[in-house]
Every structure is written in C-alpha cells, then in structure tokens.
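Remarks on the structure that follows.
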Amino acid sequence: MELRGVYTALVTPFLNGKVDYPALKSLIENQISGGIAGLIPVGTTGESPTLDYKEHSEVIAFTVECAAKRCQVIAGTGANSTAEAVKLTQEAKAIGADATLQVTPYYNKPTPEGIYRHFSTVADTVGLPVVMYNVPGRAGVPIPVDVVARLADNANVVGIKEAAGSVDRVSRILDVCELDVLSGDDSLTLPMMSVGAKGVVSVASNLIPGELVRMVDLALSGDFGAAKKLHRKYYRLFCDLFIESNPIPVKAAMAMKGLLAEEYRSPMCEMSDAHRETLRETLIRCEVL
C-alpha cells in the first residue's frame with residue numbers, strides 16, 4: 001500500500017449529542033470531489049476519545065460505505081492499551097478499512113522497546129496495513145527513529161504520520177529506512193515534502209480539500225514554486241486552525257461555512273470570542289469565507 005497525497009483527518013459532526021450522519025456524508029462527498037487520496041475517520045481530529053466503542057465502529061463503517069473504494073480509508077484505531085488497539089483494529093479490518101492509523105500509546109509513556117512491541121503486535125496480530133502516528137505533544141513520548149527503522153522492516157507497517165514539528169526527523173527517518181512519510185502538520189507539508197515526505201494528513205482539508213490537493217500535487221510533480229504560492233496563501237489558516245486545541249477551530253470554521261453544526265463533546269467546548277474573531281478574519285483573508 002502506497003501513501004501519497006492528501007489524507008483528511010475527518011472531523012466527526014454532532015447534532016444534539018449524536019453523530020450527525022447526513023452531515024458526515026456530505027463532508028465525505030465533498031472530500032472525494034476535491035480529489036483527496038484518503039479519509040481518516042475517528043482520529044484525534046474526529047474526537048475519538050469521546051466516542052464510545054459502538055460509535056467508533058459505526059463511524060468507520062459509514063465512512064467505508066460512503067467512500068465505496070473511491071479513496072483509501074485509514075481508520076483511527078489507536079489506543080494506549082495494546083489489547084484495545086488490537087481489538088479496534090480487528091473491527092476496522094472486518095468493516096473493510098484499507099489501513100489503520102496507530103498513535104503512539106499516550107499517557108503511560110512506554111519505553112522504546114514497549115513502543116516497538118506495541119506497534120509490532122498490532123501489525124502482526126491483525127495484518128491490516130499500519131500507519132504509525134508520531135505526535136509527542138499529545139502522546140508524551142516520540143517514536144524514536146531507530147524504533148521507526150526496526151518497525152519499517154515489518155511488511156505490515158507502511159508509513160508514518162510525522163506530527164512532531166521537525167523537518168529534520170523526516171530526513172533522519174528516510175536516511176535509515178524506506179517508509180512513506182506524511183506530514184502531520186499542514187504548515188510543514190511543503191518543507192517536509194522538500195526532503196522526501198509524500199503528502200499530508202491534513203486538518204485544513206476538511207475546509208479546502210481541492211486547494212490542499214493542488215498544493216500537494218504540485219509538490220509531488222516537483223513544481224515547488226507554484227506549490228509555495230498556495231502554501232503562502234493558506235499559511236495563516238494552517239496556523240490559526242490550531243489557535244485552540246484541535247478540532248475546536250476547524251469545527252468552528254466549518255460551522256461558519258455552513259458545513260456542520262458547531263457542536264463538540266466535553267471536555268472540548270466552544271472557542272473564545274477573541275479567537276473566534278481572529279479565525280473569522282483569517283478565513284476571509286484566505287478567501288475561505
């Protein structure tokens with residue numbers, strides 16, 4: 001399985017406390033029309049910690065059904081318990097997901113050997129292609145580069161989402177192994193692609209899928225000059241979508257565009273008035289509103 005292009009970290013729309021499936025269907029169709037390579041349901045952007053097990057599987061199943069093989073579906077099935085990650089991934093495989101996004105076990109801060117065993121167990125037990133997710137800012141620990149290299153030898157480990165904010169890490173990974181690398185930060189997509197990343201797992205593409213696809217396609221074709229123009233146009237948006245904890249700003253922005261109801265599950269809540277006004281100004285400046 002090759003990872004290449006724009007993969008949207010889908011938000012989960014809610015309405016009156018429940019998953020809003022009509023809104024989710026519209027979002028999925030908009031993403032596919034925009035030309036994205038894949039969808040990632042129930043990752044962190046999808047507020048996965050607040051979905052129960054039944055909802056978790058139902059959202060993945062709904063995404064698989066709606067996508068209908070028109071793009072890849074990489075299910076967010078990570079957990080800080082290896083047994084739980086295996087169970088969720090087995091369910092995703094049975095549902096028909098193409099791969100799994102596995103976050104570094106969070107809070108319990110495993111050792112490098114524990115991290116290696118965790119990812120290996122998921123990959124070997126389930127047999128679904130695994131995309132590792134390195135995000136030390138949320139997980140508490142990184143996936144060490146030497147552990148990435150060891151895991152790259154596993155045929156079921158196909159790539160890594162790099163959200164540590166380091167372009168140098170991309171170079172270090174590609175220096176020691178062959179692995180598809182995706183940026184985990186919209187603002188670092190072009191810098192990471194300039195040293196070998198093949199695309200991005202994007203939050204911004206929830207709003208502007210076609211524009212992100214054009215930027216990444218230009219970079220993949222080697223036209224970094226044209227890609228940079230799009231990067232600069234949307235750079236402030238890339239930044240301000242993290243003015244508060246993700247996915248609060250992107251959901252607020254999507255609500256401003258009428259794409260969904262602005263509803264979160266606790267402990268997520270509405271953004272401050274000051275940040276909301278800043279975000280609105282950015283959306284207008286970037287011609288998103």
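So, of the residues in the stretch 188-234 that are polar (S, T, N, Q) and buried (at least 19 other Cβ atoms within 10 Å of the Cβ), which turns out to be nearest to LEU260 (Cα to Cα)?
Checked the stretch 188-234; the qualifying residue nearest to LEU260 (Cα to Cα) is ASN206.
If we scan the stretch 259-267, do we find a residue that is under 26 Å from LEU3 (Cα atoms), buried (at least 17 other Cβ atoms within 10 Å of the Cβ), touching a residue at least 40 places away in the same chain (Cβ under 8 Å) and of a type outside the set (A, V, I, L, M, F, W, C)? No.
Can you tell which of LEU39, LEU3 is buried (at least 21 other Cβ atoms within 10 Å of the Cβ) and touching a Phe, Trp or Tyr at 6+ places or on another chain (Cβ under 9 Å)?
Criteria check complete, one pass: LEU39.
For (1) more than 16 Å from LEU179 (Cβ to Cβ); (2) over 18 Å from the mean Cα position of the chain (by Cα); (3) of a type in the set (D, E, K, R), each residue gets a yes or a no:
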site	(1), (2), (3)
ALA99	no, no, no
GLN102	no, no, no
ASP124	yes, yes, yes
VAL135	yes, no, no
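So, THR8, is that one part of a loop (DSSP other than H, G, I, E, B) and touching a residue at least 24 places away in the same chain (Cβ under 8 Å) or not?
Working: part of a loop (DSSP other than H, G, I, E, B): no; touching a residue at least 24 places away in the same chain (Cβ under 8 Å): yes.
So THR8 fails the test.
Results for (1) among the hydrophobic types (A, V, I, L, M, F, W, C); (2) farther than 21 Å from ASP52 by Cβ; (3) assigned to a loop (DSSP other than H, G, I, E, B), shown as yes or no for each residue.
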{"site": "ALA85", "(1), (2), (3)": "yes, no, no"}
{"site": "GLN90", "(1), (2), (3)": "no, no, no"}
{"site": "ALA94", "(1), (2), (3)": "yes, no, no"}
{"site": "LYS109", "(1), (2), (3)": "no, yes, yes"}
{"site": "HIS118", "(1), (2), (3)": "no, yes, no"}
{"site": "VAL131", "(1), (2), (3)": "yes, yes, no"}
{"site": "GLY137", "(1), (2), (3)": "no, yes, no"}
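Let's see how each residue does on (1) polar (S, T, N, Q); (2) assigned to a loop (DSSP other than H, G, I, E, B); (3) touching a Lys or Arg at 6+ places or on another chain (Cβ under 7 Å); (4) closer than 22 Å to GLY184 by Cα:
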residue: LYS229; (1), (2), (3), (4): no, no, no, yes
residue: ARG232; (1), (2), (3), (4): no, no, no, yes
residue: SER245; (1), (2), (3), (4): yes, yes, no, yes
residue: ARG265; (1), (2), (3), (4): no, yes, no, no
residue: LEU279; (1), (2), (3), (4): no, no, no, yes
residue: LEU283; (1), (2), (3), (4): no, no, no, yes
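Do we find that ALA75 is outside any loop (DSSP other than H, G, I, E, B), at negative phi, touching a strand residue (DSSP E or B) at 6+ places or on another chain (Cβ under 6 Å) and without any contact (Cβ under 8 Å) to a residue 40 or more places away in the chain in this structure? Considered against the rule, which asks whether it is outside any loop (DSSP other than H, G, I, E, B), at negative phi, touching a strand residue (DSSP E or B) at 6+ places or on another chain (Cβ under 6 Å) and without any contact (Cβ under 8 Å) to a residue 40 or more places away in the chain, ALA75 comes out as yes. Exactly one of (1) touching a residue at least 12 places away in the same chain (Cβ under 8 Å); (2) part of a loop (DSSP other than H, G, I, E, B); (3) surrounded by fewer than 17 Cβ atoms within 10 Å (Cβ to Cβ) is unmet by CYS239. Its number? For CYS239, the exception is condition (2).
Cβ-Cβ contacts under 6 Å between residues 6 or more apart (or on different chains), taken from a first residue in the stretch 29-57 that is on the phi > 0 side of the Ramachandran plot and part of a loop (DSSP other than H, G, I, E, B) to a second residue that is charged (D, E, K, R) and open to solvent by 10 Å² or more (accessible area, probe 1.4 Å), are listed as GLU47/ARG265. Taking the stretch 11-28 as the range and being open to solvent by less than 30 Å² (accessible area, probe 1.4 Å) and in a strand (DSSP E or B) as the test, the residues that pass are PHE14, VAL19.
Matching residues to (1) open to solvent by 10 Å² or more (accessible area, probe 1.4 Å); (2) within 23 Å of LEU218 (Cα to Cα); (3) not hydroxyl-bearing (Ser, Thr, Tyr):
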residue: ASN108; (1), (2), (3): yes, no, yes
residue: TYR116; (1), (2), (3): yes, no, no
residue: VAL145; (1), (2), (3): yes, no, yes
residue: ALA152; (1), (2), (3): yes, no, yes
residue: GLY165; (1), (2), (3): yes, yes, yes
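The values are calculated or read from the model by the stated rules, or taken from the named source; none is laboratory data. Given the structure is predicted, the values throughout are model-derived calculations rather than measurements. So basically every Cβ, Gly included, is an ideal-geometry build from the backbone, and we count neighbours across all protein chains shown. Keep in mind that these areas ignore ligands, DNA and RNA; they rest on the heavy atoms of the full protein, side chains included. Shrake-Rupley method; radii C 1.70, N 1.55, O 1.52, S 1.80 Å.
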